[in-house]
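Okay, structure first, notes after.
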Amino acid sequence: MDYKDTLLLPKTKFPMRGNLPNNEPKRYKAWFDANVYEQMKKNREGKESFTLHDGPPYANGDIHIGHALNKILKDIILKYNYFQGKAVRMTPGWDCHGLPIEQKVEDSFRKKKKELPPTAKFREICRITAKEAIENQKKGFKSLGVIADWDNPYITMDYKFEANIYRTLCQIAKKGLLVERHKPIFWSWAARTALADAEVEYEDKEDYSIYVHFELSDKAKESLDIKGKAGVVIWTTTPWTLPSNTGIAINPEEMYVLSEDGHIVAEARYEAMVEEGVLSGHAIRKISATELENLLCINPLNGRSSTIVLGEHVLMDGGTGCVHTAPGHGEDDYRVGLKYNLDVIMPVDERGCYDESVVGLNLLPNPEEFVGIHIFKANEPILELLGDNLLKVSKFTHSYPHCWRTKKPLIYRATNQWFIAVDEKIKDSDKTLRESALDNIEDVKFYPATSKNRLKPMLEGRPDWCISRQRSWGVPIAFFRIKSTKEVIFDDDILEHIANIFETKGSDAWYDMSIEEMLPEGCKYSASELEKIEDILDVWFDSGSTWNAVLKSGVYDAGEYPSSLYLEGSDQHRGWFQTSLLLSSAIENKSPYKTLITHGFTVDAKGEKMSKSKGNVVAPDKVVKQYGSEILRLWVALSDYQNDLKISDNILKQTAEQYRKLRNTFRFLIANVNDLEEIVSPSEYGELERWILNRAKELFSSIEESFDDYDFLRGFAILNNFVTNELSGIYMDITKDRLYCDAKESATRKSTQSAMVLITKAMMELVAPVLTYTVDEVIDYAPDIIKKDIDSVFDLVYKELPEVGESFDDKNLIEARAKFSEVVDRLKKDKIIKSTLELEIAGDIDIFGIKKSKNLEDWFIVSAINPSIDSEELDSFEVDGKRFTVHKAQKAKCPRCWRYTSSSEEEACDRCAEVVA
């Protein structure tokens with residue numbers, strides 16, 4: 001008789017290999033064609049809500065691996081909350097205005113050697129350029145299996161969106177926080193615009209280190225009763241700012257000394273200056289800082305007066321303790337200059353070149369020669385002009401601010417700019433904006449918790465926010481100014497009229513329409529007496545106001561304000577997290593997010609930053625084509641995303657191997673329950689089933705806790721450990737005999753199948769947020785006992801495994817199985833056996849806790865286990881002080897189940913004979 005036909009072997013068409021690169025696009029297309037996002041919304045109507053507010057990527061270029069990490073992580077978290085039964089919302093968005101697109105359009109005209117078109121036409125081309133990038137990036141994100149409201153994204157250049165950005169600006173003005181000032185700000189001479197702190201990157205730069213003698217005026221010497229040469233020595237790294245010097249700052253708490261050779265430095269820095277060769281004489285007199293205050297020195301470049309002022313910012317960790325002060329070129333310089341009413345001199349134009357004011361103010365000898373020269377090229381000529389007053393010159397490399405877009409060094413340049421004042425009281429509030437923002441983060445939950453320690457100091461130390469830009473592509477600061485008085489008009493009727501125009505015609509209207517057309521009917525102002533402000537808004541204001549334009553405007557079905565979660569890279573502590581918080585605190589006095597998650601950056605296997613020049617860039621589209629998006633998604637889940645994430649081909653291969661194990665575990669499980677019609681009641685489960693279900697329940701609960709804390713790495717580590725060790729390594733192995741060889745209606749077999757169904761469903765629900773495609777595919781091939789009323793993965797809701805009663809303590813059993821495995825390895829190596837079924841075990845079986853002998857035999861996959869056996873001992877092992885001996889099986893091999901439990905090799909064992917009969 002051919003017993004093979006009598007076995008109940010696994011049956012499934014679920015393929016072992018996923019062939020993900022070919023199959024994923026088809027399934028994803030079906031999802032998006034069926035609008036699964038709308039189905040998800042419908043499935044959770046009336047449920048607890050979860051809003052993930054998407055931080056907008058910039059609409060420029062293809063998506064990179066950092067984009068993929070960010071969107072996949074958001075998708076995993078959104079889906080996790082969905083499968084937990086919540087009503088989820090994520091409206092994806094794009095930042096569309098700003099410098100990168102402007103420069104791209106400008107470059108295209110330069111390559112064609114064409115002049116730039118008028119502003120209106122230029123903005124139209126920028127709009128088209130951004131739209132093309134959005135469609136391209138959207139396609140890339142959807143190829144990663146990311147589900148969101150792709151049909152209704154927020155796009156910051158949409159007319160209604162621009163109107164709401166402008167309304168947010170108007171609300172800031174009404175709160176008394178919008179101010180116009182002439183003060184130094186970061187200026188990109190390469191891009192010809194002001195920059196906010198969030199647009200600044202720090203790179204190494206080689207600069208001069210110079211020590212310059214500023215001789216005291218005759219009146220100052222007389223005041224100090226000094227005769228002969230005497231002057232203050234300053235240290236600076238920017239010779240080009242010396243023409244703009246109007247002061248020298250010293251520390252009010254320090255003593256200063258005059259050396260024999262006529263130089264004044266801080267006493268605390270005197271020895272260092274002698275060692276460096278800046279000074280050579282002995283200190284002959286001490287002078288207090290207050291004695292020096294308000295005395296005048298002479299700028300050796302131009303003979304102009306330089307006032308000695310007191311400044312707390314002057315430190316003793318370098319230099320001379322005497323700081324060159326040019327209020328037009330530095331934040332600290334500007335602040336101390338305000339206190340002492342120092343002139344703000346700014347002889348540098350938008351290109352970073354000296355302008356005509358160097359002539360008009362006589363800031364340099366032969367000033368005409370310097371007009372039009374770039375400041376960085378003026379350093380050497382200025383050093384020559386200093387003559388003997390240049391005490392020492394050298395070069396050094398230090399971290400220096402650079403433009404985030406052009407990668408060129410920045411300068412501080414005083415200009416008229418618009419600021420949001422962080423230390424002004426918010427109208428109708430007793431708090432300043434800084435105080436409100438700091439208070440509001442106290443209720444925010446941070447992941448990792450240490451990220452609060454990054455955001456808080458940034459808020460505590462940040463300057464006013466410069467929100468104006470001297471560019472073309474952006475939302476205009478659309479206010480009118482009275483020509484005669486320069487007063488800015490904040491009339492409610494005018495502001496709302498402009499907002500309504502923007503809503504129907506876009507902010508391009510500011511450039512296309514006349515002042516008269518922009519004024520409401522019956523306006524008390526005449527168009528002839530007004531002028532337009534020409535600046536545009538910082539693009540960070542656009543994205544910082546998305547909580548208002550997306551979550552509060554009613555234009556989008558985007559969820560609730562405040563958002564449940566903001567999630568971006570760690571660089572956004574100084575960017576989107578901060579700008580969103582400031583605007584929300586100013587207008588609503590609350591944080592726009594309840595929870596803040598930050599992730600690290602993607603690096604190569606060596607931990608190095610990716611760059612085309614290094615050839616270590618991993619492009620998401622190539623990963624998807626080679627491995628499939630499921631592998632990329634699993635890589636995100638298996639990574640410690642709160643730190644920098646390593647990715648390489650080798651890492652992806654390892655991830656693909658872990659995916660294969662999970663996939664084949666699902667395959668085994670669904671293949672072995674294909675003929676089960678009903679799950680048994682909790683009381684019908686056997687010992688082994690109660691053990692695996694209790695173990696799964698305990699571990700799945702830990703996984704859920706980890707996922708609740710957004711710790712997917714820990715959750716998947718627990719899952720993979722369970723699958724590898726208990727589920728696949730033990731349970732799926734030890735139950736094959738009953739699954740294949742027991743009768744179809746056997747209570748033992750049904751109990752095992754029922755346990756497998758419950759574990760399969762719970763595992764599907766747990767991994768669905770990450771491996772959504774795979775779980776959907778499993779459902780396609782799963783038998784009805786698993787599917788029931790489920791048509792797709794989006795019908796799943798996580799349910800805990802049921803209580804099934806207590807199970808045995810597995811400590812001794814796990815240890816015994818491991819030690820027995822070592823024995824088996826030795827016996828196989830010596831070619832004594834080929835299979836564990838050829839063996840029997842003898843010893844004190846009471847220490848194992850399994851009562852049914854067949855279950856104990858299955859645990860070790862042996863043909864018998866008894867207190868004692870009268871046959872030759874092959875080997876032994878010890879557990880809990882008890883010795884167990886291993887012997888050859890005494891009976892014949894059953895031709896059906898291959899267990900050595902038959903009376904002869906031609907006859908089936910009693911169990912198999914009964915099943916076949």
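The values are calculated or read from the model by the stated rules, or taken from the named source; none is laboratory data. Being a predicted model, the structure only gives us computed values, none of them experimental. Reconstructed Cβ throughout: ideal geometry from the backbone, glycine too, with neighbour counts over all protein chains shown. Remember, those area values only see protein heavy atoms, side chains included, never the ligands or the DNA or RNA. Shrake-Rupley method; radii C 1.70, N 1.55, O 1.52, S 1.80 Å.
Couple of notes before you dig in:
- Members of segment 276-299 that are open to solvent by 80 Å² or more (accessible area, probe 1.4 Å), part of a helix (DSSP H, G or I) and touching a strand residue (DSSP E or B) at 6+ places or on another chain (Cβ under 8 Å): THR290
- Residue that is least open to solvent (accessible area, probe 1.4 Å) [pool: residues in segment 376-387 that are touching a residue at least 40 places away in the same chain (Cβ under 8 Å) and over 15 Å from PRO347 (Cα atoms)]: LEU386
- Residues being part of a helix (DSSP H, G or I), under 15 Å from ARG17 (Cβ atoms), of a type outside the set (Phe, Trp, Tyr) and open to solvent by 40 Å² or more (accessible area, probe 1.4 Å) are represented in segment 623-644 by at least one member.
- Scanning segment 362-375 for residues that are open to solvent by less than 70 Å² (accessible area, probe 1.4 Å) and touching a helix residue (DSSP H, G or I) at 6+ places or on another chain (Cβ under 7 Å) returns LEU363, LEU364, PRO365, PRO367, PHE370, VAL371, ILE375.
- Count of residues meeting criterion [within 30 Å of PHE32 (Cβ to Cβ) and open to solvent by 20 Å² or more (accessible area, probe 1.4 Å)] in segment 154-192: 5
- Looking across segment 352-375, just one residue is closer than 21 Å to PHE186 by Cβ and in contact with a Cys (Cβ under 6 Å, 6 or more places away or on another chain), and that is HIS374.
- Hits in segment 755-797 (condition: more than 12 Å from PHE666 (Cβ to Cβ) and part of a loop (DSSP other than H, G, I, E, B)): PRO769, VAL770, PRO783, LYS788, ASP789, ILE790, ASP791, SER792, LEU796, VAL797
- Among residues of segment 596-618, those that are surrounded by 15 or more Cβ atoms within 10 Å (Cβ to Cβ) and either in contact with a Lys or Arg (Cβ under 7 Å, 6 or more places away or on another chain) or not hydroxyl-bearing (Ser, Thr, Tyr) (or both), counted: 10
- Residues (at negative phi, in a loop (DSSP other than H, G, I, E, B) and under 36 Å from the mean Cα position of the chain (by Cα)) located in segment 498-513: SER507, ASP508
- Answer from SER585, SER564 - the residue that is open to solvent by less than 50 Å² (accessible area, probe 1.4 Å), more than 24 Å from LYS174 (Cβ to Cβ) and at pLDDT 95 or above: SER564
- LEU567 being assigned to a helix (DSSP H, G or I) and within 23 Å of GLY93 (Cβ to Cβ): no
- Verdict on GLU857 being surrounded by 14 or more Cβ atoms within 10 Å (Cβ to Cβ) and modelled with pLDDT under 95: no
- Among the conditions (1) assigned to a helix (DSSP H, G or I); (2) open to solvent by 10 Å² or more (accessible area, probe 1.4 Å), TRP547 misses just one, which is (2).
Residue by residue, here is whether (1) in contact with a Lys or Arg (Cβ under 8 Å, 6 or more places away or on another chain); (2) closer than 29 Å to GLN470 by Cβ; (3) open to solvent by less than 30 Å² (accessible area, probe 1.4 Å) holds:
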site: GLY319; (1), (2), (3): yes, no, yes
site: ALA326; (1), (2), (3): no, yes, yes
site: HIS329; (1), (2), (3): yes, yes, yes
site: ASP332; (1), (2), (3): no, yes, no
site: VAL336; (1), (2), (3): no, yes, yes
site: LYS339; (1), (2), (3): no, yes, no
site: VAL348; (1), (2), (3): yes, yes, yes
site: ARG351; (1), (2), (3): yes, yes, no
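- Pairs with Cβ under 8 Å, 6+ apart, first in segment 676-687 and under 25 Å from THR12 (Cβ atoms), second among the small types (Gly, Ala, Ser) and in a loop (DSSP other than H, G, I, E, B): TYR685/GLY805
- Against the test of being more than 26 Å from GLU568 (Cα to Cα), out of contact with any Gly (no Cβ under 8 Å at 6 or more places or on another chain) and among the basic types (Lys, Arg), the options LYS661, LYS622 yield a single qualifying residue, LYS661.
- Checklist (1) crowded, with 21+ Cβ neighbours inside 10 Å; (2) aromatic (Phe, Trp, Tyr); (3) more than 30 Å from SER188 (Cβ to Cβ) applied to TRP94, failing item: (3)
- Residues satisfying the stated conditions in segment 1-25, i.e. among the aliphatic types (A, V, I, L, M) and part of a loop (DSSP other than H, G, I, E, B): MET1, LEU7, LEU8, LEU9, MET16
- At least 2 residues being in contact with a His (Cβ under 6 Å, 6 or more places away or on another chain) and acidic (Asp, Glu) is the threshold, and among the strands (runs of 3 or more DSSP E) wholly inside segment 195-270 those reaching it are 200-216.
- Segment 392-422 - residue that is among the β-branched types (Val, Ile, Thr) and under 28 Å from ILE234 (Cβ atoms) and, of those, most open to solvent (accessible area, probe 1.4 Å): THR397
- Within segment 193-210, being more than 32 Å from the chain's Cα centre (by Cα) and either open to solvent by 10 Å² or more (accessible area, probe 1.4 Å) or without any contact (Cβ under 8 Å) to a residue 24 or more places away in the chain (or both) holds for ASP207, TYR208, SER209.
- Answer residue from segment 718-745, given it is free of Cβ contacts under 8 Å to residues at least 40 places away in the same chain and not aromatic (Phe, Trp, Tyr) and is nearest to GLU684 (Cα to Cα) among those: GLU745
- If you check LYS79, LYS86 for being among the basic types (Lys, Arg) and open to solvent by 40 Å² or more (accessible area, probe 1.4 Å), only one passes: LYS86.
- Meeting the requirement of 2 or more residues that are in contact with a Phe, Trp or Tyr (Cβ under 7 Å, 6 or more places away or on another chain), the helices (runs of 4 or more DSSP H) wholly within segment 303-401 are 379-386.
- Residue match in segment 657-665 (condition: over 29 Å from ASP784 (Cβ atoms) and in a helix (DSSP H, G or I)): yes
- Any hit, segment 79-91, residues being touching a Ser or Thr at 6+ places or on another chain (Cβ under 6 Å) and under 22 Å from VAL555 (Cα atoms): yes
- Residue in segment 124-147 that is over 29 Å from the mean Cα position of the chain (by Cα) and either among the β-branched types (Val, Ile, Thr) or surrounded by fewer than 18 Cβ atoms within 10 Å (Cβ to Cβ) (or both) present: yes
- Residue among LYS646, LYS697 that alone is of a type outside the set (Gly, Ala, Ser), without any contact (Cβ under 8 Å) to a residue 60 or more places away in the chain and more than 24 Å from GLU777 (Cα to Cα): LYS646
- Test: residue in segment 487-497 that is of a type in the set (Phe, Trp, Tyr), crowded, with 21+ Cβ neighbours inside 10 Å and part of a loop (DSSP other than H, G, I, E, B): no
- Which listed residue is of a type in the set (Gly, Ala, Ser), within 21 Å of ALA892 (Cβ to Cβ) and surrounded by fewer than 19 Cβ atoms within 10 Å (Cβ to Cβ), from SER876, SER871: SER871
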